[in-house]
Amino acid sequence: MAANGQVEMTWGDGDQVFNIAKVGVALELEAKCECGVSEIFDRLRTGRWWLNDIRETLRLGLIGGGMEPPKALVLVKRYVDNRPWAESVQPATVVLMAALVGVPGDDIGKKPAAERTTEASQAPSSVPMDASSAPPSTDSPQAAAGTPAPPTN
């Protein structure tokens, strides 16, 4: 079961788990980047990023995903600092997007399958025939009969 905002992807020297969606981690990211998470995301997305937008998103994402801070720093130094920086823009964007909009498999706000099944079995099996989802007509009776309605100003 994936945690809120958790994403696993291949980055650096293998498959890594990232999670920036923890409040303490996100607040530290904002402090390091001197702006809000959505601004960091926007800068990454539009190519106006600062180096810390990439570095700190990935480093703190690794820590939020369960990695020890010293190991996360080693990976960031190896795969961000010592590589072309633009290589890490896309992974950092994915980490932030997972926190902002979630990822498939996030169970936040979802009911367990057994509870959903019980609710479905208790739902009415048919809709009354006189129920209509169409909005009521705004045509006057004359317009509906084919006679033009008087203009309204």
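Quick notes on this one:
- Look at segment 63-82: where a residue is on the phi < 0 side of the Ramachandran plot and of a type in the set (D, E, K, R) and a partner is surrounded by fewer than 16 Cβ atoms within 10 Å (Cβ to Cβ) and outside any helix (DSSP H, G or I), sitting 6+ places away or on another chain with Cβ atoms under 9 Å, you get ARG78/ASP13.
- Selection within segment 56-77: residues that are in contact with a strand residue (DSSP E or B) (Cβ under 8 Å, 6 or more places away or on another chain) and in a helix (DSSP H, G or I). The member of this set that is surrounded by the most Cβ atoms within 10 Å (Cβ to Cβ) is GLY61.
- Filtered by the rule that a residue be assigned to a loop (DSSP other than H, G, I, E, B) and either out of contact with any strand residue (DSSP E or B) (no Cβ under 8 Å at 6 or more places or on another chain) or hydrophobic (A, V, I, L, M, F, W, C) (or both), segment 1-41 gives MET1, ALA3, GLY12, ASP13, ILE20, ALA21, LYS22, GLU34, CYS35, GLY36.
- Answer from LEU27, LEU100 - the residue that is within 23 Å of GLY5 (Cα to Cα) and at pLDDT 95 or above: LEU27
- Across segment 1-29, the number of residues qualifying as under 19 Å from the mean Cα position of the chain (by Cα), charged (D, E, K, R) and surrounded by fewer than 16 Cβ atoms within 10 Å (Cβ to Cβ) comes to 1.
The values are calculated or read from the model by the stated rules, or taken from the named source; none is laboratory data. Just so we're clear, the structure is a prediction, and the values are computed from it rather than from any experiment. Ideal geometry is used to build each Cβ from the backbone, glycine not excepted, and the neighbour counts take in all protein chains shown.
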